[in-house]
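Everything below concerns the one structure shown next.
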Amino acid sequence: MYYRLLLIFCLSFSSAAVQAKTILILGDSISAAYGIPVEKGWVSLLEQRLVRHGYDYKVYNASITGETTMGAKMRLQDLLTKHQPELVVIELGGNDGLRGFSLKEIEDNFVEMVEMIKQSGRKTLLVPMKMPPNYGAAYNKKFSSIYMQVSETMDVAISKFIFQGFAEDPEMMQADGIHPVESVQSVMLDNIWPSLKSVLIKK
């Protein structure tokens, strides 16, 4: 009787583990919690919120400081194969813009990543970024339009700007003026959450 109960428990545990879906975060330093404790970053806060709201998901953060759309594209297939995510959240493009990569190259990389994700039968959430004001209004408008263009062309979900509500407040940024401080990580998650929640499946 003891061994039968043990077997039932093990099978139930195994089944539950298999059912847990994965969210893959593919981002740069903004999602890698640059300059703050990892457990205080918005991705870690996402894990906590998923549990509180009854979502049966685990989160794998594949974000790398300095990552570009090209670098992420080169890593993506291996990540899809290894983690089999239900959803891929793409928070990229900032480093491409800062390094002066062509807008067409950035858009093409986004399109290719979304195509890979779609071919694997998974969902995508695109997180738009913006360039600092000193890059000029014309360039900023063209850069920002990439995300909506990819969203509409590829029919994928898009969130608010992750820095919405504090982007121009220097006190909300670290000394480098680029990376958000710990206190606004929850705001970043709030900006993404409505769009992310719309593509999640509850227990």
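Results for (1) touching a Pro at 6+ places or on another chain (Cβ under 9 Å); (2) of a type in the set (Lys, Arg), shown as yes or no for each residue.
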{"position": "Ile90", "(1), (2)": "no, no"}
{"position": "Gly100", "(1), (2)": "no, no"}
{"position": "Lys104", "(1), (2)": "no, yes"}
{"position": "Met113", "(1), (2)": "no, no"}
{"position": "Lys142", "(1), (2)": "no, yes"}
{"position": "Gln149", "(1), (2)": "no, no"}
{"position": "Gly177", "(1), (2)": "yes, no"}
{"position": "Asp190", "(1), (2)": "no, no"}
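Just give me the residues in the stretch 131-182 being under 21 Å from Arg99 (Cα atoms), of a type in the set (A, V, I, L, M) and touching a Leu at 6+ places or on another chain (Cβ under 8 Å), in sequence order.
Listed by number, the residues that qualify are Met131, Ile146, Val150.
Only one of (1) surrounded by 16 or more Cβ atoms within 10 Å (Cβ to Cβ); (2) over 19 Å from the mean Cα position of the chain (by Cα); (3) of a type in the set (Lys, Arg) is not met by Lys141, so which one is it?
(1)
For the stretch 67-84, name all the residues that are more than 15 Å from Glu105 (Cα to Cα) and β-branched (Val, Ile, Thr).
Thr81
Please enumerate the residues belonging to the stretch 151-185 that are in a helix (DSSP H, G or I) and either exposed (fewer than 13 other Cβ atoms within 10 Å of the Cβ) or at pLDDT below 95 (or both).
Glu152, Thr153, Pro170, Glu171, Ser183
Report, by residue number, each residue of the stretch 19-74 that is part of a loop (DSSP other than H, G, I, E, B) and touching a Lys or Arg at 6+ places or on another chain (Cβ under 9 Å).
Residues satisfying the conditions are Ala20, Ala33, His53, Gly54, Tyr55, Asp56, Ala62, Ile64, Glu67, Thr68.
Only one residue in Ile117, Ile146, Ile106 is buried (at least 18 other Cβ atoms within 10 Å of the Cβ) and more than 21 Å from Ile30 (Cα to Cα), so which one is that?
Ile117
Within the stretch 127-150, track down each residue that is of a type outside the set (Val, Ile, Thr) and outside any helix (DSSP H, G or I).
Across the stretch 127-150, the qualifying residues are Pro128, Met129, Lys130, Met131, Pro132, Gly136.
Determine whether Val111 is aliphatic (A, V, I, L, M), under 28 Å from Arg49 (Cβ atoms) and either outside any helix (DSSP H, G or I) or out of contact with any strand residue (DSSP E or B) (no Cβ under 8 Å at 6 or more places or on another chain) (or both).
No; evaluated as a whole, the condition is false for this residue.
If you take the residues in the stretch 50-85 that are charged (D, E, K, R) and either without any contact (Cβ under 8 Å) to a residue 60 or more places away in the chain or touching a Phe, Trp or Tyr at 6+ places or on another chain (Cβ under 7 Å) (or both), which one is surrounded by the most Cβ atoms within 10 Å (Cβ to Cβ)?
Among them, the one singled out is Glu67.
The values are calculated or read from the model by the stated rules, or taken from the named source; none is laboratory data. This structure is a prediction, so every number in the text was calculated from the model and none was measured. Glycine gets a Cβ as well: all are built from the backbone with ideal geometry, and neighbour counts include every protein chain shown.
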